Structure formats: structure tokens, C-alpha cells
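The values are calculated or read from the model by the stated rules, or taken from the named source; none is laboratory data. Note that this is a predicted model, so its numbers are computed, not measured. Backbone-built Cβ (ideal geometry, glycine too); neighbour counts: all protein chains shown.
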Amino acid sequence: MKIVFAGTPEFAVPCFHAAREKAEVLAVFTQPDRPAGRGRGVQMSPVKQAALAAGVPVHQPATLRSPEAQALLRELAPDLMVVVAYGLILPQAVLDIPVHGCWNVHASLLPRWRGAAPIQRAIEAGDKQTGVCLMRMQKGLDTGPVMLQLDTAISDTDTGGSLHDRLAMLGAQVLRDGLGLLRVGLLPSARVQDEDGVSYAHKLDKAEARLDWQRPAEQLARKVRAFNPWPVAEAVLEGERIRIHEAQVVASDGGHAPGSIIRAARDGIDVATGEGALRILRLQREGGRPITAADWLNARKAQHAY
């Protein structure tokens, strides 16, 4: 079985390795190298790095709508194209090239959280469960029929990072299962998505990271977890702009203005919100590194500002 694999970020790397376990990966398609990091140096995508390490040819077209990209895919003549967080639209002409079409691994229980940021949106919304789907691709955004899925609970301590890593491994497993069936001539049966349950996971925007102390503490705590490790929640505390890496909800007797510090101790800084209080456990000052609440308090005392 011959496969073309299309993916870009770290999430897609376990799926790339799973594809190589079950089939011959003819080539990898990934997004063009782009500036990244503080130095803004041009960097290869994680999938490109994995492909080069495995000796798999890499192609990086800016679009799959070009005749050149489509001609290349037709020349490769794959049995299947596997797409995982690729980041480029696949036009119908591309979907029609592989013998068995194009499969996608998506990090949600479709039809909930179609779109770009399903992991973070599930945490932010307070979902108790999520998972991964193996979907047969159609022209619409994550609209194709679902062939296989695996579920996982979302704990009260899960962050965007921890859930990302767990779903990446589940994604590899669901792809492995699907490819295993196809290898023995069994095309996985598929269910059409229920349009009544559709929701969209819009792309994360750094502007969303600012916490509004008028909101309930529970809502703010979910945002802190969802936006860790990126873009990281931020707020103004005692006139200082900080980024919040870890926080939890604590009880409050009320009567405090949202955004004011109720209690400050080594185990955390309790801030009043529109409902309840948020205890900040780990935070980051501008230009600094993440530190504990105790270290932040010590620095404030040293500056005679607290």
C-alpha cells in the first residue's frame, strides 16, 4: 500500500510514524519553511524533520491548487493520502487523485469542534470528553464521514499541551487501526456526521489571551489551562502585566473588586473575579521566565512594591 502523507506540526509526527509502520510512504507534503522563535530564523516543520530523518522525500508547495502540485500527486499515484494538521486546503481535484481518497485524523469527536483549534476549545468550553476521529475527507471543512474514533476524558488538570500530546498518540493509534483494516481489503465503514451537533474551533488569537477579571473564576481557570503552552493567558495584576501559566479556582466570600488581590501567600495569589477567586500558582513577568507565586512575592517585596 502506497501513501502520501501531508502534515506540518508536532501533532502530526506520531501519525507519520504510524503510516510508515503500515504502508510505504512515497512522499511527505508539508508547509513551506517559515521564520519561527525569538530569533525569527527559518525553521523546518516537525513533520519535515521527521521525514528527512526517515529518508522520505519532502515536497512543500505553497498551495495544492496549482497544476504543478496536482501533477506531482498524480505522478506519485498513491493508493491513499493521509492528512494530519496539514494547514492547506485540499481542492476536489486533489481529493480525487488517490485510489482510496484522502483520510484525515482530527483531534475532536466530530461534528463537535471542526476547525483549527479543537484541543484548546474543548478545554476552554469545559468539555469533559474529547478524542480523535479518522475521517474520509470531503471538500468542506472537517465535514467528511467518520470511520473510526477513540475517546479520552478531559481532566481538571489537563492543559492544551498535555491534551495535545495524548491526542497525538491516540491519533496515531486510530490511523494505525484504519490502515490495518485497509491492508487486508476492509475499507472502514463510515457514519455521516450529525449536523445538529456541529461546532467550530476557531483559530487561536493572541488577543484572546487577556483575562477579564469580571468573568467567573471557573471560566478563567479553563482559559489558563487551554492556552498553556500557547498563547498563554495574560492579565494585569497590581498594575503589572503578567502571563499566567497555572491557576485554580478557590472559594471567595465576595465583596472584593474583580482584579484585586484577596490573599497572597507562598502557595498562591488569590485574585477576585466576577464569581469566585482565581489562585495563581505559576506566572511570568515581562521579559522573565515562569516562576512560582512565592518567587513573584519575594521579587515584589525586594522592590518595596508590595
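Provide a single number: the residues in segment 180-200 that are of a type in the set (A, V, I, L, M) and either farther than 23 Å from ARG112 by Cα or in a helix (DSSP H, G or I) (or both). Break it down stepwise before answering.
Within segment 180-200, the subset of a type in the set (A, V, I, L, M) is 181-182, 184, 186-187, 190, 192, 198.
After this cut, where a residue has to be either farther than 23 Å from ARG112 by Cα or in a helix (DSSP H, G or I) (or both) as well, the list is 181-182, 184, 186-187.
Matching residues across segment 180-200 total 5.
Hey, can you tell me all the residues within segment 124-176 that are in contact with a Pro (Cβ under 7 Å, 6 or more places away or on another chain), over 22 Å from LEU88 (Cβ atoms) and not hydrophobic (A, V, I, L, M, F, W, C)?
Hits for segment 124-176 are GLY160, GLY161.
Pick out, from segment 222-303, the strands (runs of 3 or more DSSP E) lying fully within it that include 1 or more residues that are of a type in the set (D, E, K, R) and more than 25 Å from LEU204 (Cβ to Cβ).
By residue number, 261-265, 268-272.
Looking only at residues in segment 255-268 that are of a type in the set (Gly, Ala, Ser) and in contact (Cβ under 8 Å) with a residue 12 or more places away in the chain, which one is surrounded by the fewest Cβ atoms within 10 Å (Cβ to Cβ)? Full working, then the answer.
Residues of segment 255-268 of a type in the set (Gly, Ala, Ser): 255, 257, 259-260, 264-265, 268.
Then keep just the ones that are in contact (Cβ under 8 Å) with a residue 12 or more places away in the chain; that gives 257, 259-260, 264-265, 268.
Numbers: ALA257: 9, GLY259: 17, SER260: 14, ALA264: 17, ALA265: 11, GLY268: 23.
Here the answer is ALA257.
Just to be sure before I move on: is SER108 among the polar types (S, T, N, Q), closer than 23 Å to PRO9 by Cβ and free of Cβ contacts under 8 Å to residues at least 12 places away in the same chain in the structure I sent?
Numbers: among the polar types (S, T, N, Q): yes; closer than 23 Å to PRO9 by Cβ: yes; free of Cβ contacts under 8 Å to residues at least 12 places away in the same chain: no.
No: the conditions fail for SER108.
Are there any pairs with C-beta distances below 7 angstrom linking a residue in segment 58-76 that is on the phi < 0 side of the Ramachandran plot to a residue that is part of a helix (DSSP H, G or I) and surrounded by fewer than 16 Cβ atoms within 10 Å (Cβ to Cβ), with the two at least 6 apart or on different chains, and if so which?
Once the first residue is on the phi < 0 side of the Ramachandran plot and sits in segment 58-76, its partners that are part of a helix (DSSP H, G or I) and surrounded by fewer than 16 Cβ atoms within 10 Å (Cβ to Cβ) give VAL58/LEU52; GLN70/ALA93.
Only residues in segment 3-27 that are without any contact (Cβ under 8 Å) to a residue 60 or more places away in the chain count as the first member; pair them with residues that are assigned to a helix (DSSP H, G or I), Cβ under 6 angstrom, at least 6 apart or cross-chain, and list the lot.
That search, which allows pairs on different chains as well, returns VAL25/ALA19; LEU26/LEU76; ALA27/LEU76.
Taking the options ASP156, ASP151, ASP177, name whichever one is part of a helix (DSSP H, G or I) and either surrounded by fewer than 20 Cβ atoms within 10 Å (Cβ to Cβ) or more than 19 Å from the chain's Cα centre (by Cα) (or both).
Details: ASP156 fails: part of a helix (DSSP H, G or I); ASP151 fails: part of a helix (DSSP H, G or I).
Exactly one of ASP156, ASP151, ASP177 is part of a helix (DSSP H, G or I) and either surrounded by fewer than 20 Cβ atoms within 10 Å (Cβ to Cβ) or more than 19 Å from the chain's Cα centre (by Cα) (or both), namely ASP177.
Go through segment 151-198 and report how many residues are among the small types (Gly, Ala, Ser), free of Cβ contacts under 8 Å to residues at least 12 places away in the same chain and within 16 Å of GLU124 (Cβ to Cβ). Full working, then the answer.
To start, the set of residues in segment 151-198 that are among the small types (Gly, Ala, Ser) comprises 153, 155, 160-162, 168, 171-172, 178, 180, 185, 189-190, 197.
Pick out the ones that are also free of Cβ contacts under 8 Å to residues at least 12 places away in the same chain and you get 155, 162, 185.
When the remaining residues are screened for being within 16 Å of GLU124 (Cβ to Cβ), the result is 155, 162.
So the answer is 2.
Does any residue of segment 201-208 turn out to be modelled with pLDDT of 95 or more and over 29 Å from ARG114 (Cβ atoms)?
No, segment 201-208 has no match at all.
Tell me yes or no: at least one residue of segment 174-197 is in contact with a Lys or Arg (Cβ under 9 Å, 6 or more places away or on another chain) and over 30 Å from ASP79 (Cβ atoms).
Checked against the condition, which is being in contact with a Lys or Arg (Cβ under 9 Å, 6 or more places away or on another chain) and over 30 Å from ASP79 (Cβ atoms), segment 174-197 yields at least one hit.
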